[in-house]
1. Tell me yes or no: at least one residue of region 74-86 is crowded, with 16+ Cβ neighbours inside 10 Å, under 19 Å from ARG167 (Cβ atoms) and in contact with a Lys or Arg (Cβ under 8 Å, 6 or more places away or on another chain).
2. Identify all residues within region 87-101 that are among the charged types (D, E, K, R) and surrounded by fewer than 22 Cβ atoms within 10 Å (Cβ to Cβ); write none if there are none.
3. Conditions: (1) farther than 17 Å from ILE6 by Cα; (2) in a helix (DSSP H, G or I); (3) under 26 Å from the mean Cα position of the chain (by Cα). ALA83 meets all but one. Number of the miss?
4. Could you tell me whether any residue of region 179-199 is touching a residue at least 12 places away in the same chain (Cβ under 8 Å), aromatic (Phe, Trp, Tyr) and surrounded by fewer than 18 Cβ atoms within 10 Å (Cβ to Cβ)?
5. Can you find a residue in region 154-173 that is assigned to a helix (DSSP H, G or I), closer than 13 Å to CYS121 by Cβ and in contact (Cβ under 8 Å) with a residue 24 or more places away in the chain?
6. Counting only residues that are in contact with a strand residue (DSSP E or B) (Cβ under 7 Å, 6 or more places away or on another chain) and part of a loop (DSSP other than H, G, I, E, B), which one in region 45-67 is surrounded by the most Cβ atoms within 10 Å (Cβ to Cβ)?
7. Output the residues belonging to region 102-152 that are β-branched (Val, Ile, Thr), in a strand (DSSP E or B) and crowded, with 21+ Cβ neighbours inside 10 Å.
8. Which residue, of THR100, THR70, THR147, THR141, is among the hydroxyl-bearing types (Ser, Thr, Tyr) and within 22 Å of ARG30 (Cα to Cα)?
Amino acid sequence: MPKQTISVIVITYNQEYLIKEALDSILSQRVDANLEILVADDCSTDRTASVVKALQEEHPGKITLLESQTNLGHTRNYARAWAQAKGDYIAHCDGDDYWTDPLKLAKQLEFLETHPGFSACANKINVICEGVVLEESVPHTDKQVITTEDLLEACYPHNSSLFFRNRLFQTFPDFFFGLTGHDWCISILNSLHGPIRILPETLSIWRSRRDGLWGGRETEFHLEHTQLFLGKMMDFLPKSYKTTVRKYRIRNYFQLSDHCLRSHNPSKARFYFSKLQDWDSLRFLNWRAVASLGARIYCLPLYNFLRQMRNLTLGEPPVA
């Protein structure tokens, strides 16, 4: 029986000091499969391409460098690598991340080969922030089986841990190319063909960087991008998912309103709070929390008075 082929997609831009560690961790994999490493460089202005070319010479036939004369943007850069992937399976590793276990691909390949009902698998991943390894790994969930409904709450599988069957979907929705990142959409597209297993082992490292595509952005950007993405999912997914999408959009609007108020932007806080003024908000949110937020936005003196009276009567609430 011929060996399976695994296509490893590496997206990179201006990562000359990090890309070698990522590629070395891929080249060190011990797996009974053929490896196709596709490095998509989005017109880097540093020596990223030169570093990749040097590794190409050291490992002939292993690495394909996809260069670009213009900056395509993250999702279009990913899409051209995905289109060229010939493997039976696809794995992801960002150019500034790396894998820590030489058996990572072997473990993931064995799982999908023996569990045909699953579309993909991922693993726990450690986080390095400003050179320090954080104690807690991601994703922040105890769930080991992730469904489409779960993914509407959060993008649980981290990109540099993803391993999935190739060509479960044939194209990307049009809105894909307006997203900041690709992994959340990719996981949802896969999950429509079967759940995703989160392996309990920590097999990868994510560098959360201040200049990173996602880790370098502020909380408000994350929340607004989530709202944009869920809005697109409302139109894209089958009707059976509409209620779930609506639930997480409402929760996101609440978080946005609360965050904007805490960030001293009352006009934005009022705008997002206005999205909560229907019966669905009472279905999916704690009404006391909604009332409290509304009072803080529209009548802060009354809120402070009532809070003071509560504290005098019941005592200070415990610190969370």
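Rule-based calculations on the coordinates, nothing more; no lab input. No experiment lies behind these values; they were computed from the predicted model shown. We place every Cβ from the backbone using ideal geometry, glycine too, and count neighbours over all the protein chains shown.
1. The answer is no; no qualifying residue exists.
2. Of region 87-101, the ones among the charged types (D, E, K, R) are 88, 94, 96-97, 101.
Correct list: ASP88, ASP101.
3. The failed condition is (1).
4. Step one: of region 179-199, the residues touching a residue at least 12 places away in the same chain (Cβ under 8 Å) are 179-199.
Checking the rest, the ones that are also aromatic (Phe, Trp, Tyr) come to 184.
Remaining after also requiring surrounded by fewer than 18 Cβ atoms within 10 Å (Cβ to Cβ): none.
The answer is no; no qualifying residue exists.
5. Taking region 154-173 first, the residues assigned to a helix (DSSP H, G or I) are 159-161.
The next check asks that each one be closer than 13 Å to CYS121 by Cβ; those that pass are 161.
Adding the requirement that they be in contact (Cβ under 8 Å) with a residue 24 or more places away in the chain leaves 161.
Taking every residue of region 154-173 in turn, at least one turns out to be assigned to a helix (DSSP H, G or I), closer than 13 Å to CYS121 by Cβ and in contact (Cβ under 8 Å) with a residue 24 or more places away in the chain.
6. Of the residues in region 45-67, the ones in contact with a strand residue (DSSP E or B) (Cβ under 7 Å, 6 or more places away or on another chain) are 48-49, 52-53, 55-56, 62-67.
Within this subset, residues satisfying the condition of being part of a loop (DSSP other than H, G, I, E, B) are 62, 67.
On the way: LYS62: 16, GLU67: 14.
Top of the filtered list is LYS62.
7. Within region 102-152, the subset β-branched (Val, Ile, Thr) is 114, 125, 127-128, 132-133, 138, 141, 145-148.
Retained after the next criterion (residues that are in a strand (DSSP E or B)): 125, 127-128, 132-133, 138, 145-146.
ILE125, ILE146, listed by residue number.
8. On the way: THR70 fails: within 22 Å of ARG30 (Cα to Cα); THR147 fails: within 22 Å of ARG30 (Cα to Cα); THR141 fails: within 22 Å of ARG30 (Cα to Cα).
Of the residues listed, the single one that is among the hydroxyl-bearing types (Ser, Thr, Tyr) and within 22 Å of ARG30 (Cα to Cα) is THR100.
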